[in-house]
Amino acid sequence: MRKQPLFVIAILGAAIALAAAPHAAHAKNEDRVIARGNIQLPIGPIGIRSIMTSVTTAKVSTIEKGSPADGKLQLDDVIVGANGKKFASQIWREMGQAVEASQGDPKRKGVFTLEIVRKERALSIAMKIEPLGRFGPTYPFDCTKSDRIYAMACDYLARLQKADGSWPHLTTGTAGRVYAAAITGMALLGSGDPKYNDHIRKVAAFLLKQDIERRGASM
């Protein structure tokens, strides 16, 4: 697969910026920002999204069907730690380190454990995630794990593409669908893998159709 490092860096940069948002705020404002309830903490390897409730806790808000968390976690479970340790200062950073350990430490064999509180009861929930190894020292360049994650993401997006070339499940409204199709199409194009050529053609046709309809409506 031909590498497109600039695109990978852009995506990783956006993810890092989002993950670091509460840390970037002044210490006195962290709790105020989190209290708004709009800072998401997705945990992709186990298939959930959560909403941060403090700098060390988060509440499960979405569980993807068929994911490692499906049938094990429940909505509103409060996440307080991972791999046997409670989060001490920054849940977003410590969560990433725990996932990295479960994926990269041969002794763990892909076992990832979340420490949660469910209806005032403390539980330790073990899940099996894919042991992708550790990020290389120069990631995302020359990094096997980065390449594997990119390939898995592209396969996932390709499977979800609609017949008209869009991904309407990603967002709502015409403008949102155009944006989602454009950026998702860029991800597939950036992979350089010819198996996505038909998907990319569908994206181009969808975007062209939307542009023609927009121009016609404005005339």
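Coordinate-derived values only; no laboratory data. Here the structure is a predicted model, which means the values were calculated and not measured. As a convention, Cβ positions derive from the backbone with ideal geometry for all residues, glycine included, and neighbour counts pool all protein chains shown.
Cβ-Cβ distance of residue 144 and residue 198, R₀ of 35 Å, FRET efficiency by 1/(1 + (r/R0)^6): the value works out to about 0.80.
The orientation-averaged projected area of the convex hull spanned by the Cα atoms of region 100-219 comes to 11.5 nm².
Evaluate E = 1/(1 + (r/R0)^6) for residue 93 and residue 65, where r is the Cβ-Cβ distance and R0 equals 41 Å; express this FRET efficiency to the nearest 0.05.
0.90
Restricted to Cα atoms, region 40-128 shows a radius of gyration and a Dmax of 11.7, 34 angstrom.
Among 142, 147, which comes first, second and so on when ranked by fewest other beta-carbon atoms within 10 Å?
Listed from fewest to most nearby Cβ atoms, that is 142, 147.
Taking the alpha carbon gyration tensor of region 104-166, multiplying each eigenvalue by 5 and rooting it gives semi-axes of 29, 22, 9 Å, largest first. With q set to 0.14, 0.24 Å⁻¹, the log10 of I(q)/I(0) for region 144-213, from the Debye formula over equal scatterers at the Cα positions, is -0.39, -1.03.
Shape analysis of region 174-219 based on the Cα gyration tensor places the equivalent ellipsoid semi-axes at 24, 11, 6 Å, largest first.
Full extension of the segment from residue 56 to residue 179, taken as 0.36 nm per residue of separation minus the current Cα-Cα distance, would add 41.0 nm. With the simple spin-label model, which puts each label point 7 Å out from Cα in the Cβ direction, the residue 164 to residue 101 separation comes to 4.8 nm.
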